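Student: Okay, here's the structure, questions in a sec.
The values are calculated or read from the model by the stated rules, or taken from the named source; none is laboratory data. Owing to the predicted nature of the structure, the values given are computational and were not obtained by experimental measurement. Every residue, glycine as well, gets a Cβ built from its backbone with ideal geometry; the counts of neighbours run over all protein chains shown. When the accessible area is computed, the model is the full protein with side chains, heavy atoms only, and any ligands, DNA or RNA have been set aside. Shrake-Rupley method; radii C 1.70, N 1.55, O 1.52, S 1.80 Å.
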Amino acid sequence: MHIAIVEDDPVIRKELKTLLENAMYQVTVLEEFDRVPEQVEKCQPDLVLLDVTLPGTTGFDICMKIREKLSLPIVFLTSRMDAMDELTGIMKGGDDYIRKPYQTPILLARIGAVLKRYKGSTLQEVTRLEHKGVSLDISKCVLEYRGEELELTKNEMKILHNLFQNAGNFVSRMDLTEYLWESQIFIDDNTLSVYVTRIREKLRSIGIEDFIETKRGMGYRI
């Protein structure tokens, strides 16, 4: 699922991006606030996480403009505590109103609940990816093959999720590293190799051989 973040605080922006990507969402961060509805229409997210107080405009106004063109869930995220603001947000077309500072599990649960209401049964389909008879269940953090299941760690899940999303194409070591740790600068290059080796060992334990291909200079693919 794809979430667009509209937040003017760079620290909160980065925190939200990391949090949502760790929860297996695709994330687009919008940093220019004069043409947000047009940017949202262009990137076609499944949900917009929208701050209320923005430079030169408000989340309420942006929400109304998005609603004129698109039907998608909009969740307000704000430090404003006035109960009337929450009512205004709902009246302007918002689907939920979450106050800062937020608790991570609650934020993720409410985003998930809003997406589930919009997507219904199709949400479950999106959380399951398949390739060559191997199924990756993102909601359970497991890999399935011929009736057997493998439990995955968070990083193992992220590596496989990225490879499944790019099935048939090589994903470079740098792209995988950045996807896992945001930046490759302070990560030992051997760390990724260790994770891939562990994944291959787990795959072999349930009879999956040569599922992850390595090509020097190009990276990994399934």
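Student: Give the lysines whose C-alpha is closer than 24 Å to that of K140, dropping any in the same chain fewer than 8 places away, or say none.
Tutor: K17, K116, K119, K132, K154, K158, K202
Student: What fraction of the DSSP beta bridges in the chain is antiparallel, stated in percent and rounded to the nearest 5?
Tutor: In the chain, approximately 50 percent of DSSP beta bridges are antiparallel ones.
Student: Follow-up. Over the chain, average the accessible area per residue using a 1.4 Å probe and give it in Å², no decimals.
Tutor: 54
Student: Follow-up question, since we're still on this one. Let's see if you can work this out: charge +1 on each Lys and Arg Cβ, -1 on each Asp and Glu Cβ, no other charges. What is the dipole magnitude of the chain about its Cα centre, in debye to the nearest 20?
Tutor: 440
Student: Rounded to the nearest 500, what is the 222 nm mean residue ellipticity of the chain from helices alone, with -39500 (n - 2.57) per DSSP H run of 4+ residues and division by all residues?
Tutor: -13500 deg cm²/dmol
Student: Additional query: Compare the Cα positions of I90, N166, V75 along the charge dipole of the chain (+1 at Cβ of Lys, Arg; -1 at Cβ of Asp, Glu; about the Cα centre) and return the one farthest towards the positive end.
Tutor: N166
Student: For the range 131-222, which GluC sites (Glu not before Pro) are in a loop by DSSP, counting at most 12 other Cβ atoms within 10 Å?
Tutor: Passing both the DSSP loop test and the Cβ count: E209.
Student: Tell me the relative contact order for the chain as a rounded percent, counting alpha carbon contacts under 8 Å between residues six or more apart.
Tutor: In percent, rounded to a whole number, it is 12.
Student: Determine, from the Cβ-Cβ distance of K100 and M174 and an R0 of 30 Å, the FRET efficiency 1/(1 + (r/R0)^6), rounded to the nearest 0.05.
Tutor: That gives a FRET efficiency of 0.35.
Student: Now, a different point. Take every DSSP beta bridge with both residues inside the range 35-122 and express the antiparallel ones as a percent of the total, to the nearest 5.
Tutor: In the range 35-122, approximately 20 percent of DSSP beta bridges are antiparallel ones.
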